[in-house]
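**Q** One structure is given below, represented as structure tokens, and several questions about it will come after.
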Amino acid sequence: MPDPQRRRMHEGRHRADPRRVGSSIAIVGGLVFAWSYGTDAVSEAWLLALRIVAVALAALCVWRLFLAPAALGAPATPHRFAWLLYLGSVAAMLAAIAGGRALLTGVDATHAAGSWIAVCVGLHFIPFAWAFRERMLARLGRVVAAAGIVGLALALTLGEPWGELGAVVAGVAQLTVLAGWALARR
């Protein structure tokens, strides 16, 4: 890598910084939560408002991370087993989603699946924080998992709309954490 690019990477200004690239996956994930769930959970006006907020937050993230990149500071040295931890976390998330959906189907609670998926997605970010030494990922994981847990609990106790609403809220929360991180001064 040429010196100017190496310097920009060390300052956290390079557009190919792994934190920027990785956050783009979480941006898409937040939008998927906001747009895949909620059709019958709240009125169309409220759902549209939540989705507009999600799109605005995603646009803010893209602007701050790629179009007018904020300096992220020097990236931390990842754990030596970072990619193994990453792959294990993704595999565990996928297995938990599949197992949880099967369990929810077995107890006639498929309406809670969106929030269960949010729990799994949130929890899978937590090992990333350790693997890549990025504190924002721990905060992201806690916030998304908490929104999913609340939606799941409400769906299992109160019924139908809460599982989907929990997933939409988890998506907006995910994008909010990412936007806060993208805008933070370092």
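**Q** Rounded to the nearest 500 deg cm²/dmol, what is the calculated helix-only ellipticity per residue at 222 nm for the chain, with -39500 (n - 2.57) per DSSP H run of length n ≥ 4?
**A** -26000 deg cm²/dmol
**Q** Once the piece of chain linking Val21 and Val62 is laid out straight, how much longer is it, given 0.36 nm per residue of separation minus the C-alpha distance between them?
**A** This chain segment gains 13.7 nm when fully extended.
**Q** Continuing with the same structure: Using a 10 angstrom cutoff on alpha carbons, build the Gaussian network for the chain and name the most mobile of Ala145, Ala173, Ala68.
**A** Taking springs between Cα atoms under 10 Å, the residue moving most is Ala68.
**Q** Using only C-alpha positions, report the orientation-averaged shadow area of the convex hull of the stretch 69-117, nm², one decimal.
**A** Computed as one quarter of the Cα hull surface, the answer is 5.4 nm².
**Q** Sticking with this structure for a sec: Using a Gaussian network for the chain with springs between C-alpha atoms less than 10 Å apart, which of these wobbles most: Ala16, Ala71, Ala146?
**A** Ala16
**Q** Given the options Arg51, Arg135, Arg20, state which has the largest fluctuation in a GNM of the chain using a 10 Å cut-off (strictly under) for Cα springs.
**A** Arg135
**Q** For the stretch 21-35 and the stretch 159-185, what is the centre-to-centre distance using only Cα atoms, to the nearest Å?
**A** Taking the Cα centre of the stretch 159-185 as reference, the centre of the stretch 21-35 is 10 Å away.
**Q** Cβ under 15 Å from Asp108's Cβ, Asp108 left aside: what net charge do those residues give with Lys, Arg +1 and Asp, Glu -1?
**A** 0
**Q** May I ask you to list the chymotrypsin sites (Phe, Trp or Tyr not before Pro) in the stretch 1-105 that are in a DSSP loop and have at most 14 other Cβ atoms within 10 Å of their Cβ?
**A** Listed in order of number, the matching sites are Phe81.
**Q** If you work out Rg and Dmax of the Cα atoms in Å from the coordinates, which of [x] 17.0, 51; [y] 17.5, 59; [z] 19.3, 55 do you get?
**A** Here Rg and Dmax of the Cα atoms in Å agrees with entry [y].
**Q** Round to a whole angstrom and tell me the spacing of the C-alpha centers of the stretch 56-116 and the stretch 131-145.
**A** Measuring centre to centre over Cα atoms gives 9 Å.
**Q** Once you sort the root eigenvalues of the Cα gyration tensor of the stretch 11-86 as a ≥ b ≥ c, which label holds: rounded (a/c under 1.5), prolate (a/b larger than b/c) or oblate (the other case)?
**A** oblate
**Q** May I ask you to rank Glu164, Glu134 by accessible area, largest first, using a 1.4 Å probe over the protein chains only?
**A** Glu164, Glu134
The values are calculated or read from the model by the stated rules, or taken from the named source; none is laboratory data. Keep in mind that what you see is a predicted model, and the values were worked out from it rather than measured. Backbone-built Cβ (ideal geometry, glycine too); neighbour counts: all protein chains shown. To get the accessible areas, we keep the full protein, side chains included, count just its heavy atoms, and leave off ligands, DNA and RNA. Shrake-Rupley method; radii C 1.70, N 1.55, O 1.52, S 1.80 Å.
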